[in-house]
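Some notes on the structure that comes next.
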Amino acid sequence: MRASIRVPFFALLSVSVFLGLAGCRRSRNESSEQSPSHEQAPSPSRTVPRREENVPPDVKAPPPDAERTASGLASKVLTPGKGDEKPGIADSVDVHYTGWTTDGRKFDSSVDSGMPKKFRLSAVIKGLSEGLQLMIQGEKRRFWIPGHLAYGENPVPGGPAGMLVYDVELLGINRAPAVPENLAVPPKNAKKTKSGLVYQVLEKGSGTEHPKASSVVEVHYSGWTKDGVMFDSSVTRDRPATFAVNAVIPGWTEGLQLMAVGDKTRFWIPGKLAYGDSPNVPGAPAGMLVFDVRLLSIK
């Protein structure tokens with residue numbers, strides 16, 4: 001990958017590049033759901049953990065009045081929030097958090113850095129993903145996350161083992177794009193190319209220039225499998241992606257050249273133009289994929 005180009009996580013053509021990104025993700029958070037390479041999901045610190053003065057008094061075990069879910073997650077509201085909206089599994093959130101092991105050792109904290117973190121709920125350990133869906137904006141909650149919902153009892157090197165305790169403050173919720181209604185079957189007015197790519201212009205832009213295969217473009221995009229699972233989105237990260245048109249899956253390379261700046265287009269990309277019906281790359285989505293793409297600029 002060229003250093004100056006950030007390729008969409010699930011639109012990569014090169015298997016070697018895809019595996020490189022996947023390896024980076026696993027080294028940060030082996031047990032978490034897969035996440036785009038530039039999301040800032042909570043992960044164990046590489047520094048030596050240390051005993052902190054502000055360790056929660058109940059760090060060793062949840063108190064009797066803690067709420068418990070069927071999965072084994074325990075939590076307690078420290079500061080109430082406002083409203084009633086809660087994030088969903090496909091949404092991204094802005095949070096401040098601090099994490100401790102049960103012996104009172106802090107292993108990670110956005111509070112210490114003074115920089116909130118933004119990540120998609122599906123991109124973090126199961127305990128945080130489940131717990132955040134219990135919260136409303138402005139709420140601060142303490143979680144006791146058992147090992148099977150965190151990094152396990154014997155995690156990868158650098159990962160904290162066993163039950164973990166997190167204090168999490170939910171600062172903001174960034175809603176994921178709505179799942180299109182016509183994922184499995186394109187509408188009758190959609191157009192189809194000789195290769196089998198199907199597309200429909202959702203919003204016409206004001207531009208007239210089309211990118212070439214050698215162009216570098218900036219886009220916002222969201223991608224779903226045909227059963228409605230969103231596997232990647234620059235929209236939820238609030239960060240456009242920039243990449244070379246000829247550095248992505250064939251369906252993207254062809255489709256982007258049909259667009260003009262400002263266009264928003266939906267593509268139904270058959271497996272043969274994506275990762276295949278049985279991808280060889282771990283984590284790659286199989287079969288037909290549906291992308292909503294907005295072409296922001298041509299570099």
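Just so it is clear, none of the values below were taken in a lab; they were calculated from the coordinates. Quick caveat, the model's predicted, so the values are computed rather than measured. No Cβ is skipped: glycine too gets one built from the backbone with ideal geometry, and neighbour counts run over all protein chains shown.
Residue-normalised convex hull volume from the C-alpha trace of segment 46-196: 180 Å³ per residue.
Using only alpha carbon pairs under 8 Å that are at least six residues apart, calculate the relative contact order of segment 178-298 and give it in whole percent.
Dividing the mean separation by the residue count of segment 178-298 yields 33 percent.
The rule of thumb for compact globular proteins, 2.2 N^0.38 Å, goes into the C-alpha radius of gyration of segment 178-298 0.98 times.
Rounded to whole numbers, the Karplus 3J(HN,Hα) couplings from phi for segment 259-269 are 9, 10, 4, x, 5, 10, 10, 9, 10, 9, 9 Hz, using 6.51 cos²θ - 1.76 cosθ + 1.60 with θ = phi - 60°, and x at Gly and Pro. Annotation: lysines with alpha-carbon distance below 16 angstrom to Lys272 (same-chain offsets under eight excluded): Lys192, Lys194, Lys226. Here segment 52-138 yields Rg over Rh of 0.94, to two decimals, using C-alpha coordinates and the Kirkwood radius.
Straight-line cross-link reach from Lys117 at under 27 Å between alpha-carbon atoms covers these lysines, not counting any fewer than eight positions away in the same chain: Lys60, Lys76, Lys82, Lys86, Lys106, Lys126, Lys140. If the chain linking Lys82 and Lys188 were pulled fully straight, counting 0.36 nm for each residue of separation and taking away their Cα-Cα distance, it would gain 33.7 nm.
Under the convention that each Lys and Arg Cβ holds +1 and each Asp and Glu Cβ holds -1, the size of the dipole of segment 225-284 around its Cα centre is about 80 debye. Amide H contacts of Ser297 (H built 1.01 Å from N, in plane; Pro and chain starts excluded): Glu218 sit under 5 Å, all sequence-distant by 5 or more or on other chains. When the Cα atoms of segment 105-153 are aligned to their principal axes, the ranges along those axes come out at 30, 26, 19 Å in descending order. 3J(HN,Hα) along segment 77-92, derived from phi through the Karplus expression 6.51 cos²θ - 1.76 cosθ + 1.60 where θ = phi - 60°, amounts to 6, 9, 9, x, x, 10, x, 9, 7, 10, x, x, 4, 8, 7, 10 Hz, with x in place of Gly and Pro. Select from Met163, Pro240, Leu197 the residue farthest towards the positive end of the dipole of segment 148-299; place +1 on Cβ of Lys and Arg, -1 on Cβ of Asp and Glu, and compute about the Cα centre. Towards the positive end, the residue furthest out is Leu197. Note on Thr69 and His148: their simple-model spin labels are 1.5 nm apart, each label 7 Å out from Cα toward Cβ. If a spin label sat at a point 7 angstrom from the Cα of Val229 along the line to its beta carbon, the backbone N atoms of segment 146-183 nearer than 20 Å would be those of 149-150, 176-183.
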